[in-house]
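As structure tokens, the structure follows; a few thoughts come after it.
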């Protein structure tokens, strides 16, 4: 069985003046299809850097990452871009919605970037709106929505191409506790009922506990890799 994600001897460093700043140090781990993994650690431990590398948004200094059986190091940028659009879903702390587009159009936006026709995805759109419980608000613009509702729209947009893997960077970091728990419950539903592999970065132990596995980073290294209680 092919892992959803396989990481081998991954290192990432940045130049700081004449010195090298090591952010990630020789990480190796794999994530099975259907897992919900939380990557935890204090600010500056490298967890967001790791997520961007997993999504092909940045390149490692050394080591390699294999996603859905495809090695990033063997892929051209155009191939990686296509993969990000079709096989990966991204959810960020800030919702990145277009203010003057309504809920429906914000969700459908990736189709235009991929040259597809929105009308061909009407059934998929209706299903996703139902999953995020936003069918009654599909004509609303972001300014008419709460933070939690805006994040639901961002999650729906990430689900549009039915990706196997969803990568979330502090997805509830900009929400109040009640809205945050509702979003985490939604992720749990997407993971358990729709069998999506989810990898989230978080500093919140409560948010991390919604996953079935927690990878703790400290100073760019894996401190602990454990099943969630």
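The values are calculated or read from the model by the stated rules, or taken from the named source; none is laboratory data. Keep in mind the model is a prediction, meaning the values are calculated, not measured. Cβ sites come from the backbone with ideal geometry, for glycine too, and all protein chains shown count toward neighbours.
Computed quantities for the displayed model
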| read-out | value |
| --- | --- |
| Filter result (out of contact with any helix residue (DSSP H, G or I) (no Cβ under 7 Å at 6 or more places or on another chain) and in a loop (DSSP other than H, G, I, E, B)) within the stretch 147-162 | 162 |
| Flag for residue 139 being at pLDDT 90 or above, assigned to a loop (DSSP other than H, G, I, E, B) and loosely packed, with under 14 Cβ neighbours inside 10 Å | yes |
| Options 38, 43; residue that is at pLDDT 95 or above and over 17 Å from residue 6 (Cβ atoms) | 38 |
| Answer residue from the stretch 62-100, given it is surrounded by 15 or more Cβ atoms within 10 Å (Cβ to Cβ) and over 19 Å from the mean Cα position of the chain (by Cα) and is nearest to residue 173 (Cα to Cα) among those | 63 |
| Condition broken by residue 64, with the remaining ones in (1) within 26 Å of residue 203 (Cβ to Cβ); (2) outside any helix (DSSP H, G or I); (3) in contact with a strand residue (DSSP E or B) (Cβ under 7 Å, 6 or more places away or on another chain) satisfied | (1) |
| Answer from 190, 166 - the residue that is assigned to a strand (DSSP E or B) and either touching a residue at least 40 places away in the same chain (Cβ under 8 Å) or buried (at least 18 other Cβ atoms within 10 Å of the Cβ) (or both) | 166 |
| The stretch 38-60 residues that are free of Cβ contacts under 8 Å to residues at least 40 places away in the same chain and at positive phi, paired with ones that are surrounded by fewer than 22 Cβ atoms within 10 Å (Cβ to Cβ) and assigned to a loop (DSSP other than H, G, I, E, B) (beta carbon under 8 Å, 6 or more apart) | 56/75 |
| Subset of the stretch 10-42 (residues that are outside any strand (DSSP E or B) and under 18 Å from residue 212 (Cβ atoms)) | 32, 33, 34, 35 |
| Identity of the residue in the stretch 101-128, at pLDDT below 90 and part of a loop (DSSP other than H, G, I, E, B), that ends up surrounded by the fewest Cβ atoms within 10 Å (Cβ to Cβ) | 115 |
| Filter result for residue 57 (more than 21 Å from residue 226 (Cβ to Cβ), surrounded by fewer than 19 Cβ atoms within 10 Å (Cβ to Cβ) and either in contact with a helix residue (DSSP H, G or I) (Cβ under 8 Å, 6 or more places away or on another chain) or at pLDDT 95 or above (or both)) | yes |
